[in-house]
Every structure is written in structure tokens, then in C-alpha cells.
Amino acid sequence: MRVLVVYAHPDPNSFCHAVLEKVTQGLRDGGHSYEVIDLHATRFDPVFRRRDYNQFMHPTLPDELVELPDFKAALVARAGGPLRRLVAGQWMRGKSNREVVEALGKRTPRDVRAHQAKVARADGLVFVAPIYWMGLPAILKGWFERVFTYGFAYTLTPDGWQGHLEGRVPLLTQQKGLLITPTFFTQAEYEKGWQQAVDTILCDWSLHMAGVKQTEHVYLYAVSAVDQQTRLGYLDLAYHLGKGFSSSKAAQPAPAGATG
């Protein structure tokens with residue numbers, strides 16, 4: 001399989017980076033091809049800015065929104081400072097609202113287009129990052145917000161534009177998405193309900209509802225508290241997750257002491 005690995009940790013000497021090295025070694029030994037995006041090393045900008053709103057300028061944008069009397073005025077107001085607003089107003093002059101939608105929809109930020117091309121080439125996705133505040137690090141959360149855009153990862157039917165989830169149309173086609181996340185807290189703590197909540201957001205919402213067919217989330221619990229044998233077991237687990245990536249569930253040797 002062609003696998004895109006998205007990595008989010010600022011320290012190349014971290015345990016998280018050791019996990020990255022092991023999972024990519026496993027991918028290689030399993031006969032998979034892979035590409036790594038190191039979000040910190042490449043200085044990816046995770047901040048959703050004004051230009052990112054262009055993703056919603058899409059042919060599926062409902063007529064009742066496109067034909068609002070203040071549609072162009074709202075776009076001009078969003079353009080930025082006085083000079084930008086002036087230029088935006090002049091650029092829209094003489095164009096129909098639909099023509100504006102079509103033109104702006106082609107103005108996806110360059111960095112987003114580059115990352116989307118990498119996602120589109122991949123049969124599978126792997127994410128290696130720690131858990132922060134029971135979620136993803138800001139740089140990776142921002143990656144999802146900016147890269148899994150409307151028109152690339154999903155669209156909406158008219159019902160979806162009315163706020164109904166059944167109107168969300170997935171567009172991604174990857175066979176599998178795997179998250180590997182070292183944690184600070186133990187498995188016993190996560191099993192009090194936190195893990196289910198995290199997986200609902202990361203697996204069900206971020207991946208499966210965007211079209212990724214199979215999702216798996218592997219926690220490496222309490223990395224800073226467990227003994228060296230357990231940490232080595234975690235690294236062995238990461239290797240096997242990479243090597244067996246194309247299987248429905250990779251063979252996962254249980255690391256000693258991993259129950260928290």
C-alpha cells in the first residue's frame with residue numbers, strides 16, 4: 001500500500017520520534033511505500049485564516065446562500081484591510097455570484113494543495129502524535145482543519161447545509177487510517193470514558209466520516225511512567241503496526257505492563 005505518515009512532535013529526540021522510526025521501518029519491511037510529513041520540521045501553518053474560507057466556494061453551495069442580497073458584500077468584508085476590500089470589490093464587479101464562487105473555489109492556498117495531493121496519492125494514512133488535552137496537538141488539529149477541506153474530504157447535501165449530519169457526503173477513499181498516540185495517563189484512566197470520547201472525534205468524525213474505510217487508534221499509555229521494558233514493547237508494537245498495516249487488524253504483541 002501507499003501510505004502517508006503525518007507526524008506531529010517538535011523534538012527529534014522524543015519517544016514519539018522513536019515510534020515514527022519504528023512504524024516506518026515496519027512499513028518498509030512489510031513491502032509498503034510511504035511518505036512522511038513532519039509538520040514541525042516543514043513549519044506547517046496550522047492556523048485557519050481568511051484565505052482558507054475559499055474551500056466553501058464550491059459548486060454544491062446552495063442557491064439560497066449564493067443568491068443572498070449581501071453575498072458579495074460579505075465576501076468584501078472578509079477580504080481584510082481597506083485596500084484589500086477595495087481590490088476585492090473591484091474584482092467582483094461585473095461577475096455573477098456563481099462566477100465569483102467558481103473563481104474563488106480555485107484559490108486554495110498552495111500549501112493546502114500540496115498536502116492534499118499527498119493525501120490523494122495514499123491508500124492509507126498513519127498519524128503519529130502525542131495526546132494533548134484529550135485530543136491532537138494544535139499543529140495536527142490545524143492540519144485536519146486546513147487540509148480535509150470542503151470539496152476535498154467531504155461535501156454537504158441541502159440537508160447538510162441545514163445542519164443535519166446525514167447530509168455530510170464523504171469524499172476520501174483511503175482503505176485505512178491508523179493513529180498511534182503516546183499518552184501521559186494510564187490505560188485505566190482512559191477507560192473511564194475518555195478513550196471513547198477521543199475515538200469518537202478522531203476515528204469516527206475526523207477519518208471515517210470523511211470516507212476512510214477502516215480506522216484504528218492505538219494508545220501507548222503512560223509513556224513517562226512505565227518501565228523501559230514496556231517502552232521497548234511499545235516500539236515493537238509500532239513496528240508490527242507498520243509491517244502489518246494492510247491487514248484488517250495488525251498483529252499487536254501486548255507490551256508488558258501496558259495495562260497502566
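The values are calculated or read from the model by the stated rules, or taken from the named source; none is laboratory data. Since the structure is predicted, the reported quantities are computational estimates derived from the model, not experimental observations. Cβ: placed from backbone, ideal geometry, glycine included. Neighbour counts: every protein chain shown. Ligands, DNA and RNA are excluded from the accessible area calculation, which covers all protein heavy atoms including side chains. Shrake-Rupley method; radii C 1.70, N 1.55, O 1.52, S 1.80 Å.
Observations, loosely collected:
- Residues of segment 37-55 that are part of a loop (DSSP other than H, G, I, E, B) and not charged (D, E, K, R): L39, H40, A41, T42, F44, P46, V47, F48.
- Conditions (1) surrounded by fewer than 16 Cβ atoms within 10 Å (Cβ to Cβ); (2) in contact (Cβ under 8 Å) with a residue 40 or more places away in the chain; number of the one not met by K95: (2)
- Hey, Y34 open to solvent by 70 Å² or more (accessible area, probe 1.4 Å) and either farther than 15 Å from G105 by Cα or without any contact (Cβ under 8 Å) to a residue 12 or more places away in the chain (or both) or not: yes
- Count of residues meeting criterion [in contact with a Pro (Cβ under 9 Å, 6 or more places away or on another chain), outside any loop (DSSP other than H, G, I, E, B) and buried (at least 20 other Cβ atoms within 10 Å of the Cβ)] in segment 142-153: 2
- Filter result for the condition that a residue is within 19 Å of D123 (Cβ to Cβ), among the basic types (K, R) and crowded, with 21+ Cβ neighbours inside 10 Å, over K213, K243: K243
- Condition broken by G80, with the remaining ones in (1) open to solvent by 50 Å² or more (accessible area, probe 1.4 Å); (2) on the phi > 0 side of the Ramachandran plot satisfied: (1)
- Under the condition of being closer than 16 Å to M134 by Cβ, part of a loop (DSSP other than H, G, I, E, B), touching a Gly at 6+ places or on another chain (Cβ under 9 Å) and open to solvent by less than 90 Å² (accessible area, probe 1.4 Å), the residues counted in segment 154-197 number 1.
- Within segment 116-133, tally of residues that are part of a helix (DSSP H, G or I), under 21 Å from F245 (Cβ atoms) and under 11 Å from the mean Cα position of the chain (by Cα): 1
- For segment 105-126, taking the residues that are more than 18 Å from F44 (Cβ to Cβ) and at pLDDT below 90, the one that is most open to solvent (accessible area, probe 1.4 Å) is identified as K106.
- Contact map, segment 227-242: first residue more than 15 Å from T183 (Cα to Cα) and assigned to a helix (DSSP H, G or I), second residue of a type in the set (S, T, Y) and open to solvent by less than 60 Å² (accessible area, probe 1.4 Å), Cβ cut-off under 8 Å, separation 6 or more or different chains; pairs are G242/T24.
- Boolean, A18 is small (G, A, S) and open to solvent by 70 Å² or more (accessible area, probe 1.4 Å): no
One line per residue, one yes/no per condition, for (1) more than 20 Å from the chain's Cα centre (by Cα); (2) basic (K, R); (3) under 22 Å from F148 (Cα atoms):
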site	(1), (2), (3)
P10	no, no, no
S14	yes, no, no
Q25	yes, no, no
H32	yes, no, no
L39	no, no, yes
P46	no, no, yes
Q55	no, no, yes
T60	yes, no, yes
K95	yes, yes, no
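- Here A238 meets the list (1) among the small types (G, A, S); (2) at pLDDT 90 or above; (3) over 22 Å from R2 (Cα atoms); (4) crowded, with 16+ Cβ neighbours inside 10 Å almost entirely, failing just condition (3).
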